[in-house]
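**Student:** Provided herewith is a single structure, encoded as structure tokens, for subsequent inquiry.
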Amino acid sequence: MRLKGKVAIVTGAASGFGAEIARVYAQEGAKVVLADLNEAGAQAVAKAIGAAALAVRCDVSKRADVDHLIAQTLSNFGQLDIVVNNAGYTHKNQPLLNVDEATFDRVFDVNVKAIYHMVMAIAPLMRERRSGCIINVGSTAGIRPRPGLTWYNASKGAANLMSKSLALEFAPDNIRVNVICPVMGDTGMLGDFMGIPDTPENRAKFIATIPMGRLSQPADIANVALFLAEDSANFLTGLEIVVDGGRTV
């Protein structure tokens, strides 16, 4: 039990990377709060996990929702040790001038501002305990961008760099911050990332850009998130861990 006695929040946990991270954390002994705008989806994942899981509806771009999420976590489990900021949003792959302002704002609200809200809410708690682990899910898009995803790329570049800066500022408080950067994954956003129908033929075009010959899978990300959260990683902070099968080499 690598996370026995720990309590974790995972955002965007109704599906994809977030759901798998929540499942793996619970398997390793953690109590897990699954936060998602898709409340029904989060509840279904939490029900499958069992008594160690709690689902909370949360729009991570709204501070009031984040505060409610923290309150529910403390009320039900009494503490907070780990936060995984996994929730993400993208615009469809398309020419940058075609992306309207409302879509741009939503991309940055979910991918960047949500981390701000979460940090502002949890930092006082973690500083008081002099302990905490924050894991942000960035992207290879913020390292080696693909055409057609300019505003998404920019948001993930911000998330990647923000994580390093947070790590420096929180290090004296024994709060660790790391960022996981997946390559394009087999998740619900894949069609938007490609900007074309999700067919085997179209997938093959994108898979051809990944040296190891496949998309990232939720288990790939969950296993790294588990390693970063356990006590044996207590001297690791400010890392930008690329999980990409060689894409950014």
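**Student:** Can you tell me how many residues in the stretch 144-160 are farther than 26 Å from GLU20 by Cβ and part of a helix (DSSP H, G or I)? Can you show your working first?
**Tutor:** Within the stretch 144-160, the subset farther than 26 Å from GLU20 by Cβ is 147-148, 150-151, 154.
So of that shortlist, the ones also part of a helix (DSSP H, G or I) come out as 150-151, 154.
Adding up the residues that qualify gives 3.
**Student:** In the stretch 6-30, how many are surrounded by 24 or more Cβ atoms within 10 Å (Cβ to Cβ) and more than 15 Å from the chain's Cα centre (by Cα)?
**Tutor:** The number of residues fulfilling the criteria is 1.
**Student:** Please determine whether any residue of the stretch 189-210 is over 15 Å from the mean Cα position of the chain (by Cα) and closer than 30 Å to ARG130 by Cβ.
**Tutor:** No, the conditions are met nowhere in the stretch 189-210.
**Student:** So, one more: Residues that are of a type in the set (A, V, I, L, M) and surrounded by fewer than 16 Cβ atoms within 10 Å (Cβ to Cβ), at least 1 per element: which helices (runs of 4 or more DSSP H) completely within the stretch 189-249 meet that?
**Tutor:** Result: 200-207, 218-229.
**Student:** Does LEU54 meet the test of being touching a helix residue (DSSP H, G or I) at 6+ places or on another chain (Cβ under 6 Å), in contact (Cβ under 8 Å) with a residue 24 or more places away in the chain and farther than 27 Å from TRP151 by Cα?
**Tutor:** Judged against the criteria, LEU54 is not a match.
**Student:** For LEU149, only one of the following conditions fails: (1) surrounded by fewer than 19 Cβ atoms within 10 Å (Cβ to Cβ); (2) free of Cβ contacts under 8 Å to residues at least 60 places away in the same chain. What is its number?
**Tutor:** (1)
**Student:** With respect to VAL107, determine if the residue is touching a Cys at 6+ places or on another chain (Cβ under 8 Å), touching a residue at least 24 places away in the same chain (Cβ under 8 Å) and of a type outside the set (Ser, Thr, Tyr).
**Tutor:** Taking the combined requirement at face value, the residue does not satisfy it.
**Student:** If you scan the stretch 19-41, which residues turn out to be part of a helix (DSSP H, G or I) and under 19 Å from LEU80 (Cα atoms)?
**Tutor:** If the condition is that a residue be part of a helix (DSSP H, G or I) and under 19 Å from LEU80 (Cα atoms), then ALA19, ILE21, ALA22, ARG23, VAL24, TYR25, ALA26, GLN27 are the ones that fit.
**Student:** Restricted to the stretch 123-143, and to residues that are in a helix (DSSP H, G or I) and either acidic (Asp, Glu) or in contact (Cβ under 8 Å) with a residue 60 or more places away in the chain (or both), which residue is surrounded by the fewest Cβ atoms within 10 Å (Cβ to Cβ)?
**Tutor:** That would be GLU128.
Residue by residue, here is whether (1) farther than 17 Å from LEU37 by Cα; (2) surrounded by 15 or more Cβ atoms within 10 Å (Cβ to Cβ) holds:
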position	(1), (2)
ASP81	yes, yes
ASN86	no, yes
ASN98	yes, no
VAL107	no, yes
MET118	no, yes
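Bear in mind these aren't lab numbers, they're just calculated from the coordinates by the rules spelled out. All of these numbers come straight from a predicted model, not from anything done at the bench. As a convention, Cβ positions derive from the backbone with ideal geometry for all residues, glycine included, and neighbour counts pool all protein chains shown.
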